[in-house]
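Chemist: Take this structure first; my questions come after.
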Amino acid sequence: MTSQHAGSCLCGEVRYTIAGSFDRFYLCHCSHCRKDTGSAHAANLFSATAKLTWLSGQGYITTYKLPNTRHTRSFCAICGSALPLAGNSGVVVPAGSLDTNIAQVPDGNIFTGSRASWDHDLNLVPHYESFPT
């Protein structure tokens, strides 16, 4: 049975579907992923066989390849949201861009050698269900 997932960017102009399953789910802490997400890590799903179909907004998709590296990212030119990237080795899907739930949990944290200095024991800081007052 083939899994079907849907996703979009923040402004909603770019929409896509993914048909197939994800092989791996990694939280990447490399300095490139931290820079392009502005966060502690990127959360990416990988599939060698899933099929990416763009439903709308293809003209807004921008792809950036960091020179002299393997680091590439696709994003919406309007809102900047990370978007899937399809290549010869498969599809990489930013988990946060999915509109459908997935049951899969991350397989691991990668490139932890370049983890941000403040990215430790985050489970110990207070948790709020909304913006704290």
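The values are calculated or read from the model by the stated rules, or taken from the named source; none is laboratory data. Here the structure is a predicted model, which is why all the values come from computation and not from measurement. Positions of Cβ are generated from backbone atoms using ideal geometry, with glycine treated the same way; all protein chains shown enter the neighbour counts. Ligands, DNA and RNA are excluded from the accessible area calculation, which covers all protein heavy atoms including side chains. Shrake-Rupley method; radii C 1.70, N 1.55, O 1.52, S 1.80 Å.
Chemist: Checking residue 74 against (1) under 26 Å from residue 22 (Cα atoms); (2) open to solvent by 50 Å² or more (accessible area, probe 1.4 Å); (3) outside any loop (DSSP other than H, G, I, E, B); (4) among the polar types (S, T, N, Q): exactly one of these is not met. Which one?
Modeler: Of the numbered conditions (1) under 26 Å from residue 22 (Cα atoms); (2) open to solvent by 50 Å² or more (accessible area, probe 1.4 Å); (3) outside any loop (DSSP other than H, G, I, E, B); (4) among the polar types (S, T, N, Q), the odd one out for residue 74 is (2).
Chemist: Let me ask something additional. So which residues in region 5-31 are out of contact with any Leu (no Cβ under 7 Å at 6 or more places or on another chain), within 13 Å of residue 93 (Cα to Cα) and open to solvent by 50 Å² or more (accessible area, probe 1.4 Å)?
Modeler: Of everything in region 5-31, those that are out of contact with any Leu (no Cβ under 7 Å at 6 or more places or on another chain), within 13 Å of residue 93 (Cα to Cα) and open to solvent by 50 Å² or more (accessible area, probe 1.4 Å) turn out to be 21, 23, 24, 26.
Chemist: Here's something else I'd like to know. Within the set of pairs 6+ apart or on separate chains, which have a first residue in region 101-112 that is more than 13 Å from residue 30 (Cα to Cα) and touching a residue at least 60 places away in the same chain (Cβ under 8 Å), a second that is among the aromatic types (Phe, Trp, Tyr) and assigned to a loop (DSSP other than H, G, I, E, B), and C-beta atoms under 8 Å apart?
Modeler: That search, which allows pairs on different chains as well, returns 102/22; 104/22.
Chemist: For region 32-42, enumerate the residues that are of a type in the set (A, V, I, L, M, F, W, C) and surrounded by fewer than 19 Cβ atoms within 10 Å (Cβ to Cβ).
Modeler: First, pick out the residues of region 32-42 that are of a type in the set (A, V, I, L, M, F, W, C): 33, 40, 42.
Once the filter is applied, which keeps residues that are of a type in the set (A, V, I, L, M, F, W, C) and surrounded by fewer than 19 Cβ atoms within 10 Å (Cβ to Cβ), region 32-42 yields only 40.
Chemist: So which residues in region 113-133 are closer than 19 Å to residue 28 by Cβ, of a type in the set (Ser, Thr, Tyr) and open to solvent by 100 Å² or more (accessible area, probe 1.4 Å)?
Modeler: The one that is closer than 19 Å to residue 28 by Cβ, of a type in the set (Ser, Thr, Tyr) and open to solvent by 100 Å² or more (accessible area, probe 1.4 Å): 117.
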